[in-house]
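Working notes, beginning with the structure itself.
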Amino acid sequence: MSVHVLPPALVPWEPWLALFPAELALSLGPMIQRLAAALGPLAVPAHSGHGEPDGFGGLDRRGHYERLLASEWLLAELAPEEFLRRAAASEHAFLRLERREPALARTSVVLFDSGPTQLGGPRLAQLAALIALARRAQAAHASLAWGVLQAPDVPLHRDVTRETVHALLASRSTSTVTAAHLAAWKTCLGGHDSKDTWIIGGAAVRRHAWAGVATVELRDLVAPGASELAADLRTATGRTADVRLPLPDGPTCVRLIREPFPPERATPRVPAPRRTRRVPVTNLVITNNGERVFAGARGGGVIVYPVPHSPQGGVGKPKLHFPELSRPPVAVGWYNRGSAAVADNTNGAAMLFRKAKRSANSHEDLRYADADAPVVAGDRLDLLRFRRGYAFFRDCVDKLYALGLPESGANAMHRVETETLAVADCPEWLVHVSLHMLDDDCALPWYWSICVDNGPQPSQHVHLGFERPHGAHITRDISGDWQCAISHEPGRWKYYGKKPLELEWRTDDRVIGMLPAYRHADAPDLGPALVTLASDRYFMARQGDNAVLLTRAEEPVVHAVLSTVTGHLAYLTALNTLVVLRPPYDTPLARFVVEDP
């Protein structure tokens, strides 16, 4: 990642944030900023003015007259009265004597608690504190050393690299911090008065810390919907501060802890294929965060493919959900730690099936009826999107529906749009490209538009024209804004988004989706990219006239899909092999192979 990807407020920490992918660096930024403001600068000792003379270091208004400038002595000969006036007014200029101060090896030492109370969110706060303290030490021209409280016999780390970050995140201990741990470290660090020492961990660090060290107590906030950590800071001088640290979303937290860095391209680790007897017969559907992939199963029901967070994680077994459905549902999604599906019955009513538990045999069903807008099922599977008490989906004739969930008090179904070309959602918005009514009194009341629903505010519309577009794809960028690619004529795509960009693509390949930005190797970030499939095997990222190979399929690809938020790519081959990758698409996260019956 390069500096221009970071907002200006995070540029001071760029040397350390550059270790991480752009989206992870941005998620760490708010924690680092708040901690850095609370930590304050590292105090630099003032010069004492004593020591061995070491030449001259400038001019001064006071001094011995043997160091008076020669120009002043010339003035004494040419204008003695002016010389005396300057002497009385302390205006003479003297050479300032420079003195060599004793050199002090200034070091900032950080000790982290790796006990059970610091797992999860507190470990991310420790990572943010390490980066904030590294920048603080660099600004004071001091060195940084850090270690783990429960391991006083392990040498201190002297830098912040990918290897040392992995060491911090992987450090785990079953024991909490004890007085013996602190006593051992005090002995190891004794005799170094120039050290600036910080102890970061649970409640025990403050109880057992010795005098003259600074502490940061990290603890989870126990409150409904809380996504923050509490950091109680106390400096060596006794100053205290209570800081609230915002946590990233769940998948980002998991990725930061398990695999914060993309795998090295030189030695990719390909996970072993997971074999299954479930045969997909529909297109693929992927959740926004890329954690689940769905497909209709041969013989009925829905296949749910679990996706690990990294190639090093184990690949779970695909499961068959809703086996009582004799044909694939209209839409499927993931809600409250369980799957959900919308199916139709003979009279066009919708039935919403929700998994109450992870067990494949436990579910509840809700029935909706709307005689004016019957749901039409077919061979296409859509993603079921849950937002503000409603479940949104598109049926096989492109009608967009909203189902009220019982918990919202609106157990009813209504048609949102009569014709929708594409729809996507994330926590910030719901965006769809639909045929919309302009005005009842207008001669041509219907027109195509990009409809943006941001929540309680009225929906916004971007006018596209009266002709139906040939295609549309929607994505979310790293700042949470929407971006859209619209094809107004075959082979030509145009960019639309909250940020004004003049961008077009020309391609005859099959378009799979859109990435908010793609940066290949050390090349600069060229902005939004259109993902295409060439020759049924080659996935390309197209940015204007530039095209970069993302990955190559070993077999011809039948269907492929991109996740809206994380950019996960899932594709199904002609031999029913399902492969899932994530940026930078060099190593598969999972590979599912159908066994012979």
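The values are calculated or read from the model by the stated rules, or taken from the named source; none is laboratory data. Because the structure is predicted, anything quoted here is derived from the model rather than measured. Virtual Cβ from ideal backbone geometry, glycine too; neighbours counted across all protein chains shown. We work out accessible area using only protein heavy atoms, side chains counted, and drop any ligands, DNA or RNA first. Shrake-Rupley method; radii C 1.70, N 1.55, O 1.52, S 1.80 Å.
Remarks
- All positions within the range 295-336 that are surrounded by fewer than 17 Cβ atoms within 10 Å (Cβ to Cβ), within 28 Å of Leu256 (Cα to Cα) and either over 29 Å from the mean Cα position of the chain (by Cα) or basic (Lys, Arg) (or both): Lys317
- Among (1) crowded, with 17+ Cβ neighbours inside 10 Å; (2) among the aliphatic types (A, V, I, L, M); (3) touching a residue at least 60 places away in the same chain (Cβ under 8 Å); (4) more than 30 Å from His166 (Cα to Cα), the one test that Val279 misses: (1)
- Taken over the range 455-475, the criterion of being at pLDDT 90 or above and either open to solvent by less than 70 Å² (accessible area, probe 1.4 Å) or under 26 Å from the mean Cα position of the chain (by Cα) (or both) is satisfied by Pro469, Gly471, Ala472, His473, Ile474, Thr475.
- From the list Ala295, Ala349, the lone residue that is among the small types (Gly, Ala, Ser) and either in contact with a Ser or Thr (Cβ under 9 Å, 6 or more places away or on another chain) or modelled with pLDDT of 85 or more (or both) is Ala295.
- Only one entry of Ser362, Ser339 meets the criterion of being among the hydroxyl-bearing types (Ser, Thr, Tyr), at pLDDT below 85 and either open to solvent by 10 Å² or more (accessible area, probe 1.4 Å) or in contact with a strand residue (DSSP E or B) (Cβ under 8 Å, 6 or more places away or on another chain) (or both), and that entry is Ser362.
- Residue in the range 378-385 that is touching an Asp or Glu at 6+ places or on another chain (Cβ under 7 Å), within 25 Å of Arg292 (Cα to Cα) and modelled with pLDDT of 70 or more present: yes
- So Glu259, is it open to solvent by 20 Å² or more (accessible area, probe 1.4 Å) and of a type in the set (Asp, Glu): no
- Here the range 40-57 is the region considered, the condition is being outside any loop (DSSP other than H, G, I, E, B) and either touching an Asp or Glu at 6+ places or on another chain (Cβ under 8 Å) or modelled with pLDDT of 90 or more (or both), and the residue that is most open to solvent (accessible area, probe 1.4 Å) is Phe56.
- Residue match in the range 171-178 (condition: in a loop (DSSP other than H, G, I, E, B), open to solvent by less than 20 Å² (accessible area, probe 1.4 Å), among the β-branched types (Val, Ile, Thr) and at pLDDT 85 or above): yes
- Extreme residue, farthest from Arg255 (Cα to Cα), among residues of the range 290-323 that are in a strand (DSSP E or B) and touching a Phe, Trp or Tyr at 6+ places or on another chain (Cβ under 8 Å): Val302
- Within the range 556-597, tally of residues that are open to solvent by 40 Å² or more (accessible area, probe 1.4 Å), aliphatic (A, V, I, L, M) and in a strand (DSSP E or B): 1
- Top-ranked residue of the range 222-261 - restricted to ones that are assigned to a strand (DSSP E or B) and β-branched (Val, Ile, Thr), ranked as farthest from Cys426 (Cα to Cα): Thr240
- The residue that is farthest from Thr566 (Cα to Cα), counting only those in the range 298-319 that are of a type in the set (A, V, I, L, M) and at pLDDT 90 or above, is Val302.
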